[in-house]
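This report refers to the structure that appears directly beneath it.
The values are calculated or read from the model by the stated rules, or taken from the named source; none is laboratory data. Everything quoted here is computed from the prediction, not taken from an experiment. Don't worry about glycine lacking a Cβ; one is built from the backbone with ideal geometry, like all the others, and counts go over all protein chains shown.
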């Protein structure tokens with residue numbers, strides 16, 4: 001199974017913000033949209049970071065309420081790990097596990113195409129495993 005299949009099913013909508021947006025506004029967006037992370041774009045519209053709920057918690061733990069008035073660029077993860085449309089689910093699981101991240105922006109030819117979460121990857125991996133098990137049962141029973 002590949003990333004493009006996940007996006008075809010779940011959709012490719014991605015909430016993005018500019019790096020100058022305040023942390024409090026971003027927290028409100030995450031809550032309103034019921035999402036765990038947003039992709040941060042620079043002035044040219046390129047991916048320059050990811051800001052997650054964890055990043056906001058860490059910022060508040062370090063600086064208190066003052067962090068909420070600062071721009072997301074001060075707290076976002078700027079070493080963005082991405083995947084491509086033709087990457088496999090197994091590859092994405094490895095990336096997420098090795099880098100200890102929960103969200104992967106999908107970038108193709110420098111353009112943001114979507115985002116997948118660990119929940120998306122696990123859901124599809126389970127479905128894939130179920131299909132393999134069913135195929136094995138059918139093979140054995142036809143035998």
Regarding the stretch 10-28, can at least one residue be identified that is under 21 Å from residue 108 (Cα atoms), without any contact (Cβ under 8 Å) to a residue 40 or more places away in the chain and assigned to a loop (DSSP other than H, G, I, E, B)? yes
Just for the stretch 1-18: of the residues that are modelled with pLDDT under 95 and farther than 12 Å from residue 115 by Cα, which one is surrounded by the fewest Cβ atoms within 10 Å (Cβ to Cβ)? 9
Pairs where the first residue, in the stretch 101-125, is more than 24 Å from residue 55 (Cβ to Cβ) and the second is at pLDDT 95 or above, C-beta under 6 Å, 6+ apart: 108/84; 108/85
Complete set of residues in the stretch 53-76 that are outside any helix (DSSP H, G or I) and under 21 Å from the mean Cα position of the chain (by Cα): 71, 75, 76
The residue that is farthest from residue 123 (Cα to Cα), considering only those in the stretch 77-100 that are in contact (Cβ under 8 Å) with a residue 60 or more places away in the chain and assigned to a helix (DSSP H, G or I), is 92
Any idea how many residues of the stretch 29-45 are surrounded by fewer than 14 Cβ atoms within 10 Å (Cβ to Cβ) and touching a residue at least 40 places away in the same chain (Cβ under 8 Å)? 0
Does residue 106 fit the bill of being part of a strand (DSSP E or B), within 16 Å of residue 10 (Cβ to Cβ), in contact with a helix residue (DSSP H, G or I) (Cβ under 7 Å, 6 or more places away or on another chain) and at pLDDT 95 or above? yes
Of all residues being in a helix (DSSP H, G or I) and surrounded by 15 or more Cβ atoms within 10 Å (Cβ to Cβ) in the stretch 109-127, which is modelled with the lowest pLDDT? Just the residue, please. 124
Between residues in the stretch 126-137 that are closer than 20 Å to residue 6 by Cα and residues that are part of a helix (DSSP H, G or I), which pairs lie under 8 Å by C-beta distance while being six or more apart or on different chains? 128/89
